[in-house]
Amino acid sequence: MPAEIDVAVIGAGVIGLAIAREIALAKEEVFVFEKNRTFGLETSSRNSEVIHAGIYYPEDSLKAKLCVEGRNLLYKLCDKHNIAHRKSGKIIVAADENETNWLEELYEQGRKNGVDDLALLSRMEVKRLEPNIEARAGLLSPSSGIFDSHNLLKFLYNQARERGVSFVFGTEVIGVERTGARYRVQIKDRDGMSNVVAQVILNCAGLNSDRIARLAGIDIAKAGYKLHYCKGEYFSLDSKYRNLVSRLIYPAPEQAGHGIHWRQALDGRVLLGPSAHYVDAIDYAVDETYKQYFCDSVKRFFPVLELEDLAPESAGIRPKLQGPGEDFRDFVIAHEEKAGFPGLINLIGIESPGLTAALAIARYVGGMMS
Ligand SMILES: Cc1cc2nc3c(=O)[nH]c(=O)nc-3n(C[C@H](O)[C@H](O)[C@H](O)COP(=O)(O)OP(=O)(O)OC[C@H]3O[C@@H](n4cnc5c(N)ncnc54)[C@H](O)[C@@H]3O)c2cc1C
């Protein structure tokens, strides 16, 4: 590795990969530092693989704008490069009058965000589309879908490499220090510690992105960058539930997530989740005591579900800026020039819909750098 490089990207999740691929043609030496042995082993491979339409987020938020743009880019890229996907559509279901009123609000919110194909459904219309689903009313989102996120990660990695990006795996960034107009990046690998000087730092470190910002000298409490970990677990269903429901089915959202949804994955398995509960540490074990809660949640729209048909599947952890009981927080995608750190771009709180928005986030960051 040279002693001086143009750009250091910290983290090879979907965000670091998409950005590295995006900027590779414009920048000379782009290096991606990843502490794990390869790309995409953290949040980017522990999620629902849902292509979100962009309904839930406040108008003009980065989440809304980048989700709508990213979803269109993602469908095009999947089509062009044969990345498996299915525009299955999704129905958000209401179980009572309160939730029905809320669906109407959501419909308006989605339209404000540019999701122009939504349709409110009566109980009978839900039944006609999904005979096995019980709901008082529904909101249909035809442009929601699912895709093979592992193949997207592989594609982004391969194309970034073809465009000249260097990947340094098994290498953790442990220090970022401003030296004049550049940054000294301290890295640790199995041979020990060393330094590289970079002109630009792109902090795409997911669950660690607040720590990287702090290492660089940002006061993360003052900046509002402190992350909270919010765990999401999944359970799978017995194979007898396959092909009973063709769309994604979402309930009314919880405070920190979109609620326990029903998804038939591309391989045919039916998966329920994710839950949303704040945790102090990163631990991907699935807590079986949530089984009853999963079953009860899903029985509200799929009454014949039986508890013994649920099996623990996997878990992921959301890097949330919004703490328990707090209001909506948007993605932080910030060039820290004004804070005294020219060339440092922080991406913090890239939770859902980060996977959907990744290609749009990459464009956005590319634009900030040009
Ligand atoms: C339960 C759950 C469900 C979700 N479902 C969806 C969904 O259906 N649709 C959707 O659009 N989004 C979804 N998301 C959100 C989506 O998964 C994330 O927004 C996205 O994966 C974030 O990617 P990332 O690259 O920022 O983070 P990551 O994938 O976590 O990548 C960050 C990388 O940085 C590396 N790193 C960290 N610190 C260092 C360091 N010091 N040095 C070197 N490397 C470092 C890590 O090892 C990691 O590889 C979901 C998230 C969760 C948790």
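So the label point goes 7 Å from the Cα of residue 328 along Cα→C-beta, right? Which residues of the stretch 257-275 then have their backbone N under 14 Å from it?
Under cut-off, by backbone N: 257-258.
From the alpha carbon gyration tensor of the chain, can you work out the equivalent ellipsoid semi-axes (sqrt of 5 times each eigenvalue) and give them in Å, largest to smallest?
One finds semi-axes of 38, 20, 19 Å for the chain.
How big is the dipole moment of the chain about its Cα centre under a simple scheme where the beta carbon of each Lys and Arg is +1, that of each Asp and Glu is -1, and everything else is neutral? Debye, nearest 20, please.
760
Using only C-alpha positions, report the orientation-averaged shadow area of the convex hull of the stretch 114-261, nm², one decimal.
14.7
Once amide H atoms are placed 1.01 Å from N in the peptide plane, what residues at a sequence separation of 5 or more from residue 121, or on another chain, have their amide H within under 5 Å of its amide H?
Result for residue 121 returns 138, 139, 140.
With a 1.4 Å probe and all protein chains left in place, how much accessible area per residue does the stretch 20-104 have, in Å²?
44
What residue among 137, 223, 160 shows peak mean-square fluctuation when the chain is described by a Gaussian network model with Cα springs under 10 Å?
Residue with maximal mean-square fluctuation among 137, 223, 160: 223.
Take the Cα coordinates of the stretch 290-348, assign each an equal point scatterer, and use the Debye formula without solvent to give log10 I(q)/I(0) at q = 0.26 Å⁻¹.
With no solvent term, the Cα-only Debye profile gives -1.01.
Tally up the carbon and sulfur contribution to the accessible surface of the chain as a whole percent, 1.4 Å probe, everything protein left in place.
Carbon plus sulfur share of accessible area: 46 percent.
Excluding residues on the same chain fewer than 8 positions from residue 127, give the lysines whose Cα lies under 24 Å from its Cα.
87, 90, 240, 299
Averaging the inverse of every distinct alpha carbon separation and then flipping it gives the Kirkwood radius. What is it for the stretch 216-370, in angstrom units?
For the stretch 216-370, inverting the mean 1/r across all distinct Cα pairs yields 17.6 Å.
Going by Cα centres, the stretch 98-122 and the stretch 351-370 are how many Å apart?
Taking the Cα centre of the stretch 351-370 as reference, the centre of the stretch 98-122 is 25 Å away.
Can you give the FRET efficiency to the nearest 0.05 for residue 120 and residue 190, using r as the Cβ-Cβ distance and R₀ = 51 Å?
0.35
Could you work out which residue, out of 136, 37, 263, moves most in a Gaussian network model of the chain, that is, has the largest mean-square fluctuation with Cα springs under 10 Å?
It is 37.
Can you tell me the Rg and Dmax of the stretch 37-127, counting just the alpha carbons, in angstroms?
Cα only, the stretch 37-127: 15.6, 51 Å (Rg, Dmax).
If one puts a single equal scatterer on every Cα of the stretch 60-111 and applies the Debye formula without solvent, what log₁₀ I(q)/I(0) results at q = 0.15 Å⁻¹?
Treating every Cα as an identical point scatterer, log10 I(q)/I(0) equals -0.62.
The values are calculated or read from the model by the stated rules, or taken from the named source; none is laboratory data. Keep in mind that what you see is a predicted model, and the values were worked out from it rather than measured. Methodologically, a virtual Cβ is constructed for each residue, glycine included, from the backbone with ideal geometry; neighbour enumeration extends over all protein chains shown. These accessible areas exclude ligands, DNA and RNA; they are computed on the full protein's heavy atoms, side chains included. Shrake-Rupley method; radii C 1.70, N 1.55, O 1.52, S 1.80 Å.
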